Amino acid sequence: MTLYSALTQVVALEDETQVGEARRTAQKLAELAGFDTHDCGRVALVATELASNTLKHAGHGQLHLRALPALAGIELIAVDRGPGFDLHDCLPDGVSSRGTQGIGLGALLRQSEVFDVYADARGSVVLVRLFAKRERGGDWPVGISQHSLHDDPACGDAWQICRHGSLLSALVVDGLGHGPEAELAAQAGCKAFARAPHGNPALLFDDMHQAMNGTRGGAVAVAQFDAHDGKLRFTGIGNIGACLVSPDKSRGMASHPGIVGAQFRRAQTFDFPHAAGQLLILFSDGLQSRWNLLDYPGLVHRHPAVIATVLHRDFCRGRDDVTVLVIALEAPDV
């Protein structure tokens, strides 16, 4: 199973006229994903409720949308900087913080296969994932927030996540600069990675280096996890941030200087045993590095898509493409 790089679609929510835009955008995404009429209707309903609730609760915000082809799913995330709310108080029907009928969050919960929320004084993030009925299966605990500078259709960041049995491999590439030339470099790295995502990291970096030669080159990080023994291997060249987060601590993972596609010393791999049960977070330098997930009480236990979105909302630099990838490293089934 593989998830391929794709930008997060964003619909601004500034007034009631944009509720319709959110609904239409979400429904079109569902149609393109092959959802049937019934499931497209569910997606449209959820988009309407998320957009309406954001405007009523926070006054303004955004709706983030993403297709998840490997899961036959659609992801919708409402993001705001409002006053926050108590989820347990707002889920029951008839309860409202804004004098409405109080059916919004309850309706979202009933319609969704995956539902999660994080809310505090800094704002709220509400996640819904819906899967096509004919292919409905389990969720995958990964989250991605990817945005290009100034909404450019070309993005110099790229990512990929591959899972095969107990093996999981994740890639983040940041092509130098931004725009079409940076995108070309990043995509060249992704294509080389896709040929052997679970292979020897040194050989994998050699292949990506050759593929990116002749492009601008870029920073690259690869994390490989084996749920069978719980060990994580990390290899990084350039300024891709990486850390392992547990409920009580965070560990950074070091990358070496260099530019893949131009010049770097041989890639060195670091092993992290006992990584199962922790969060793996990879991010390009479009995200500030001075943040601590433990400053957000309870966030470490939320869905990775919620975590990625909170980090993007609060720490995006706003002067480069940005990618945040969060993966819950699961322990093997016993």
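Give me a count of the residues in the range 229-241 that are open to solvent by less than 10 Å² (accessible area, probe 1.4 Å) and assigned to a strand (DSSP E or B).
Adding up the residues that qualify gives 5.
Could you check, for the range 307-318, whether at least one of its residues is open to solvent by 40 Å² or more (accessible area, probe 1.4 Å), of a type outside the set (D, E, K, R), outside any loop (DSSP other than H, G, I, E, B) and closer than 23 Å to residue 128 by Cβ?
The answer is yes, given that some residue of the range 307-318 is open to solvent by 40 Å² or more (accessible area, probe 1.4 Å), of a type outside the set (D, E, K, R), outside any loop (DSSP other than H, G, I, E, B) and closer than 23 Å to residue 128 by Cβ.
How many of the residues making up the range 1-39 are out of contact with any helix residue (DSSP H, G or I) (no Cβ under 7 Å at 6 or more places or on another chain), of a type outside the set (A, V, I, L, M), open to solvent by less than 40 Å² (accessible area, probe 1.4 Å) and within 15 Å of residue 67 (Cα to Cα)?
The qualifying residues number 3.
Out of the residues in the range 250-274 that are in a strand (DSSP E or B) and in contact (Cβ under 8 Å) with a residue 24 or more places away in the chain, which is surrounded by the fewest Cβ atoms within 10 Å (Cβ to Cβ)?
Top of the filtered list is 271.
Is it fair to say residue 46 is over 21 Å from residue 148 (Cα atoms), out of contact with any Cys (no Cβ under 9 Å at 6 or more places or on another chain) and among the hydrophobic types (A, V, I, L, M, F, W, C)?
Working: over 21 Å from residue 148 (Cα atoms): yes; out of contact with any Cys (no Cβ under 9 Å at 6 or more places or on another chain): yes; among the hydrophobic types (A, V, I, L, M, F, W, C): yes.
For residue 46, the condition - over 21 Å from residue 148 (Cα atoms), out of contact with any Cys (no Cβ under 9 Å at 6 or more places or on another chain) and among the hydrophobic types (A, V, I, L, M, F, W, C) - is met.
Going by what's in this entry, would residue 226 be described as open to solvent by less than 60 Å² (accessible area, probe 1.4 Å) and touching a Gly at 6+ places or on another chain (Cβ under 8 Å)?
no
Give me the residue from the range 40-76 that is buried (at least 22 other Cβ atoms within 10 Å of the Cβ) and of a type in the set (Val, Ile, Thr) and, out of that set, nearest to the chain's Cα centre (by Cα).
My answer is 74.
Kindly list the number of the only condition in (1) outside any loop (DSSP other than H, G, I, E, B); (2) on the phi > 0 side of the Ramachandran plot that fails for residue 277.
Tallying (1) outside any loop (DSSP other than H, G, I, E, B); (2) on the phi > 0 side of the Ramachandran plot, residue 277 fails exactly one: (1).
When residues of the range 282-333 are filtered for being farther than 13 Å from residue 143 by Cβ and hydroxyl-bearing (Ser, Thr, Tyr), how many remain?
Residues flagged as farther than 13 Å from residue 143 by Cβ and hydroxyl-bearing (Ser, Thr, Tyr) within the range 282-333 amount to 3.
Under 8 Å between Cβ atoms, which residue pairs at least 6 apart in sequence (or on different chains) link something in the range 16-44 that is free of Cβ contacts under 8 Å to residues at least 24 places away in the same chain and of a type outside the set (A, V, I, L, M, F, W, C) with a partner that is surrounded by 13 or more Cβ atoms within 10 Å (Cβ to Cβ) and not in a helix (DSSP H, G or I)?
Once the first residue is free of Cβ contacts under 8 Å to residues at least 24 places away in the same chain and of a type outside the set (A, V, I, L, M, F, W, C) and sits in the range 16-44, its partners that are surrounded by 13 or more Cβ atoms within 10 Å (Cβ to Cβ) and not in a helix (DSSP H, G or I) give 21/11.
The values are calculated or read from the model by the stated rules, or taken from the named source; none is laboratory data. What you see is a predicted model; the values in this text were computed from it and never measured. Using ideal geometry, Cβ is built from the backbone for each residue, glycine included, and neighbour counts are taken over all protein chains shown. Heavy atoms of the whole protein, side chains included, go into the accessibility calculation; ligands, DNA and RNA do not. Shrake-Rupley method; radii C 1.70, N 1.55, O 1.52, S 1.80 Å.
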